Amino acid sequence: MLLAEIQHKIQHANHLDFGQIFSESIELFKKVWIQGLITVLLSLGFSIPFTFTITIPMSFLGILSENHPSMANNIVPLILLIVVLVSFVLVVGLTIVLLGLKAAFYRIIFQYDLDMKVKEDYFYFLKRPYLGKTIALSFSYLGIILLATLLCYFPVIYVMVPMNFLFVIYAFNPELTVSNLVKVSFELGNKKWFITFGLTLVAGILAQTIGFMMCFVGIFATASFVSIPLYVIYKQVIGFDTSEIVKFDNNKNL
């Protein structure tokens, strides 16, 4: 879909009904909760090794400082610098993977929404020809979040809405440039900020409550529900043209 067409649809979007979107999100979640669970587990599978890679050296530094303070004074600064650099690389790497997984999940939601019989590809955006753009988009995502954090925490609350739309916009418009993907995400986020924030908040509370009621483990199964209202909003505001539907339906290798 062309950038100008997307922007036109956002600017002339109709009023959205909170209850209707929430109801549709619940019905759609019933179709894709297994795929959502797989996405969450894949994300955890990549996150845990990254976390251990960062925490183990930090624990070692703590033990060294406590038991051998004289030695620690000489080598801790160097090790700490290495840990910081490695942590930065790992955070970037993890962001790339998580962004790719979440964008692919939105494609899977679309396929189930239209009852398409196609292959579920959770790594669609982590392979050619999209890997390069996924990497570039991840740097933009991290940069915006970091800037918002440095400007105090209130801007983080604001930018999280358009940043969450970034996954959806990318999933269905990968041909757009990185700058245009970010631009459209902010335009849609600004236009529908309050209803999106409200839906995401309520969906998050509901997902956590039901997850805890299912002996905590259930939270893994319900976590993906938070993402679905964003898809429904995108669908109602921007939607999908016939060529996109045909492309998804005919490409059995997706």
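Quick notes on this structure:
- In segment 167-190 there is at least one residue matching the filter, namely being open to solvent by 40 Å² or more (accessible area, probe 1.4 Å), over 20 Å from LEU99 (Cβ atoms) and either in a helix (DSSP H, G or I) or modelled with pLDDT of 95 or more (or both).
- Output for segment 196-218, where each listed residue is assigned to a loop (DSSP other than H, G, I, E, B) and open to solvent by less than 90 Å² (accessible area, probe 1.4 Å): GLY218
- Any hit, segment 132-142, residues being of a type in the set (D, E, K, R) and touching a Ser or Thr at 6+ places or on another chain (Cβ under 9 Å): yes
- Residues of segment 139-155 classified as among the polar types (S, T, N, Q) and under 16 Å from LEU98 (Cβ atoms), total: 1
- Total residues in segment 101-149, condition of a type in the set (Val, Ile, Thr) and loosely packed, with under 15 Cβ neighbours inside 10 Å: 1
- Test: residue in segment 1-10 that is over 26 Å from ASP241 (Cβ atoms) and either outside any loop (DSSP other than H, G, I, E, B) or at pLDDT 95 or above (or both): no
- Counting the residues of segment 114-131 that are over 15 Å from THR95 (Cβ atoms) and assigned to a helix (DSSP H, G or I) gives 1.
The values are calculated or read from the model by the stated rules, or taken from the named source; none is laboratory data. On a predicted model such as this, the values are computed, not experimentally measured, just so you know. Heads up, the Cβs are rebuilt from the backbone with ideal geometry, glycines too, and the neighbour counts pull from every protein chain shown. The accessibility values were calculated without ligands, DNA or RNA, using every heavy atom of the protein model including side chains. Shrake-Rupley method; radii C 1.70, N 1.55, O 1.52, S 1.80 Å.
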